[in-house]
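Peer 1: Once you've had a glance at the structure underneath, I'll fire off some questions.
The values are calculated or read from the model by the stated rules, or taken from the named source; none is laboratory data. Predicted model only: the values in this text are computed from it and were never measured. When we count neighbours, we look across all protein chains shown, and the Cβ atoms used for this are built from the backbone with ideal geometry, even at glycine. These accessible areas exclude ligands, DNA and RNA; they are computed on the full protein's heavy atoms, side chains included. Shrake-Rupley method; radii C 1.70, N 1.55, O 1.52, S 1.80 Å.
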Amino acid sequence: MLLPLTATGAALGAWAYGTYEPNSPLFGRAIGRGSRRERVAYLTFDDGPNPGATEPIVETLAAEGVPAAFFMVGEHVRRFPAIARRVAGAGHEVGNHTLRHTKLHVQGPRRIREELERAHEIITGVTQRAPRCFRAPHGYRNPFVSRATRRLGYTVFGWTFGVWDSDPRVPAEEIRARVRRKLRPGAIILLHDGDGYAPDGDRRRTTAALPGIIADARAAGYTFRPLADLLR
């Protein structure tokens with residue numbers, strides 16, 4: 001009796017790991033970190049474009065000469081096409097973050113294909129650049145996600161660490177301090193320039209924290225590299 005229960009528990013544990021761990025290889029490879037051999041880091045922003053945060057972030061990146069990747073929600077791109085075009089025009093990597101910021105782990109193959117393929121069409125049509133990478137909302141995946149990403153030729157990304165900058169209770173200085181404490185070689189840093197569910201969600205704290213994040217990393221000897229370096 002104990003053996004079947006143990007096997008069932010192990011299977012459920014493995015399934016949960018594959019679902020909720022953003023870098024788990026169980027449901028297909030996901031890149032969660034770059035090379036550990038040198039002090040490089042990768043800035044990534046989720047859930048935009050956003051009318052209050054994305055453009056100031058792009059301006060800061062331009063002033064500092066720093067590349068980044070923006071994983072965009074298709075419906076937000078449709079609402080704010082000029083902002084999405086500005087991101088792409090500045091040379092940043094533009095990735096797919098689904099059509100509606102849907103939690104994919106509870107969806108079937110048809111809905112997952114719709115979320116990814118429709119977002120792909122919108123982003124490509126607006127920016128004139130086809131996304132090459134994908135990040136699942138919250139990092140949640142199931143086996144049907146890898147099937148859909150393969151069809152689109154995507155590289156799937158997780159992240160090395162996030163700092164809960166999407167929490168309105170976390171001030172800009174704390175966002176900066178959390179990144180400084182967690183930074184390590186090859187880190188893919190998860191930040192947010194938008195709200196996946198509210199098109200005009202407030203992300204001004206992340207915008208305010210970004211110059212300090214860049215300054216702290218450089219003071220520690222880090223350089224920022226484009227996420228494209230890690231694409232297949």
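Peer 1: Ordered by packing density, taken as the mean number of other Cβ atoms within 10 Å over each peptide's residues, highest first, how do 35-45, 164-174 rank?
Peer 2: The peptides rank, most packed first, as 35-45, 164-174.
Peer 1: If Lys and Arg each add +1 and Asp and Glu each add -1, what is the summed charge of the other residues whose beta carbon sits under 12 Å from the beta carbon of Asn23?
Peer 2: Summing Lys and Arg as +1 and Asp and Glu as -1 gives +3.
Peer 1: Let me ask something additional. Starting from the Cα-Cα distance between Ala14 and Arg79, subtract it from 0.36 nm times their residue separation and give me the gain in nm to one decimal.
Peer 2: Going from the current span to full extension adds 19.5 nm.
Peer 1: Per DSSP H run of at least 4 residues, take -39500 (n - 2.57); add these up for the chain, divide by its residues and hand me the 222 nm value, nearest 500 deg cm²/dmol.
Peer 2: When only DSSP H runs of four or more count, the value is -13500 deg cm²/dmol.
Peer 1: Also, I was wondering about something else. By per-residue mean of other Cβ atoms within 10 Å, what is the highest-first order of 73-84, 46-57, 107-118, 140-151?
Peer 2: Result, highest mean Cβ count within 10 Å first: 46-57, 73-84, 140-151, 107-118.
Peer 1: Can you check what the net charge comes to around Arg147, using other residues whose Cβ is under 15 Å from the Cβ of Arg147 (Lys, Arg +1; Asp, Glu -1)?
Peer 2: +4
Peer 1: Put +1 on the Cβ of every Lys and Arg and -1 on every Asp and Glu Cβ in the chain; which of Gly186, Leu61, Phe224 then has its Cα farthest towards the positive end of the dipole?
Peer 2: Gly186
Peer 1: What ³J(HN,Hα) values, in whole Hz, does the Karplus curve 6.51 cos²θ - 1.76 cosθ + 1.60 give for the stretch 205-217 when θ = phi - 60°, with x put for Gly and Pro?
Peer 2: 5, 5, 4, 5, 6, 4, x, x, 4, 5, 4, 4, 5
Peer 1: Let me ask something additional. First select every other residue whose beta carbon is under 13 angstrom from the beta carbon of Ala208; then total the charges, Lys and Arg +1, Asp and Glu -1.
Peer 2: Neighbourhood net charge equals -2.
Peer 1: So, one more: Using Cα centres only, tell me the gap between the stretch 159-232 and the stretch 49-110 in whole Å.
Peer 2: Here the answer is 14 Å between Cα centres.
Peer 1: Leaving out ligands, DNA and RNA, what percent of the accessible area of the chain is carbon and sulfur, probe 1.4 Å?
Peer 2: Looking at the chain in its full context, I get 53 percent from C and S.
Peer 1: Nearest 0.05, what FRET efficiency do Phe161 and Arg37 give at R0 = 25 Å with Cβ-Cβ as r?
Peer 2: The formula returns an efficiency of 0.85 here.
Peer 1: To continue, here is another question. Which whole-number value in Å² is the accessible area per residue of the chain, probe 1.4 Å?
Peer 2: Per residue, the chain has 46 Å² of solvent-accessible surface.
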